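The structure under discussion appears below in the form of structure tokens.
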Amino acid sequence: KQLGNLQYYLYIPNNHTSSMPLIIYLHGATFKNLDISELLKTDGFPKYVNDGYYGDLRSFVVIPKIDSNTKNWVDISDSLEGLIKSINSNYSIALDKVSLTGHSIGGTGTYQLQIKLPNTFACIAPMSGFVRNSDENIDALSKTKIWAFVGSNDTVISPNSTKQAIKLLKDKDIDAKITEYQDADHFTVPVLGYKDKDFINWLVNCKK
């Protein structure tokens, strides 16, 4: 599908009703220069959704794609807001059950979009992302629930900024947690994380 210049896949649940959740997935930099179909061929959340790994997933899932001209996901925040509105106008989703997740620059984008749009998402789940831990950013992140994922052997994006962010949030009694996969590198994290069905249930069921 396409909204303006934004290409995206939309998973529509079987026998969908109004007021169902929406999960937004942000891909990593690898896919900027590839056809959108490559997202469904590589181990990770889009492929698992498309392959039916989660069974009867009771949530809409939208998987947008950015191109090489877009540096960061936050640069198209207006388009992503428009995408949420478009899906809501077509399917009457539950706007208090919109969750955001992504890997690599998608993980960084998950942080950045929560900071820019602090009242939009019921929960966020950044994987292998980077966040600048300023007071302002931590305050914006504290307005949602967070489950972050990192790999101890990630040499592409250090897990340290995420570990610090979660500590700062937990010190403020915010609902924030982290899963650190020992010996996992940058590209192993999303394979492990998105195969965790407890995590997927968390995404589907989170609510403001």
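The values are calculated or read from the model by the stated rules, or taken from the named source; none is laboratory data. Since we're looking at a predicted model, the values are computed, not measured. Note that we place each Cβ from the backbone using ideal geometry, even for glycine, and neighbour counts take in every protein chain shown. The protein model used for the area step is the full one, side chains on, heavy atoms only, and it has no ligands, DNA or RNA in it. Shrake-Rupley method; radii C 1.70, N 1.55, O 1.52, S 1.80 Å.
Structure values in brief
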| read-out | value |
| --- | --- |
| DSSP bridge pairs, the chain: antiparallel proportion in percent, nearest 5 | 25 |
| Dipole axis of the chain (+1 Lys, Arg; -1 Asp, Glu on Cβ), positive-most option in Leu3, Gly151, Ile115 | Leu3 |
| FRET efficiency, Glu81 to Asp198 (Cβ-Cβ, R0 45 Å, nearest 0.05) | 0.95 |
| Mean-position separation - Cα centroids, the stretch 1-21 and the stretch 133-208, in angstrom | 25 |
| Carbon + sulfur, % of accessible area of the chain - ligands and nucleic acids excluded, 1.4 Å | 45 |
| Cα-based Rg and Dmax for the stretch 1-71, where Dmax is the largest Cα-Cα distance (Å) | 12.7, 38 |
| Relative contact order [Cα under 8 Å, 6+ residues apart], the chain, whole percent | 21 |
| By accessible area with a 1.4 Å probe, ligands and nucleic acids excluded, highest first: order of Leu26, Leu10 | Leu10, Leu26 |
| Candidate residues Asp198, Asp75: accessible-area rank, largest first, probe 1.4 Å | Asp198, Asp75 |
| The stretch 87-168 - charge dipole about Cα centre, Lys and Arg +1 at Cβ, Asp and Glu -1, debye rounded to 20 | 100 |
| At R0 = 22 Å, FRET efficiency that the Cβ-Cβ distance of Asn90 and Asn5 yields, to 0.05 | 0.70 |
| Summed side-chain charge close to Leu95 - residues other than Leu95 whose Cβ falls under 14 Å, Lys, Arg +1, Asp, Glu -1 | +2 |
| Computed [θ] at 222 nm, helices only, for the chain once each DSSP H run of length n ≥ 4 contributes -39500 (n - 2.57) | -9500 deg cm²/dmol |
| Share of Cα-Cα pairs in the stretch 1-127 lying beyond 21 Å, as whole percent | 34 |
| Exposure of Phe121 as accessible area (Å², to 10), given a probe of 1.4 Å and all protein chains | 10 |
| Cα gyration tensor category, rounded, prolate or oblate, for the stretch 104-183 with a/c compared to 1.5 | prolate |
| Accessible surface, the chain, averaged per residue in Å² (probe 1.4 Å) | 46 |
| Shape call, the stretch 136-208: gyration tensor on alpha carbons, a/c limit 1.5 | oblate |
| Cα-derived Rg over Rh, computed across the stretch 62-195 with Rh taken as Kirkwood radius | 0.96 |
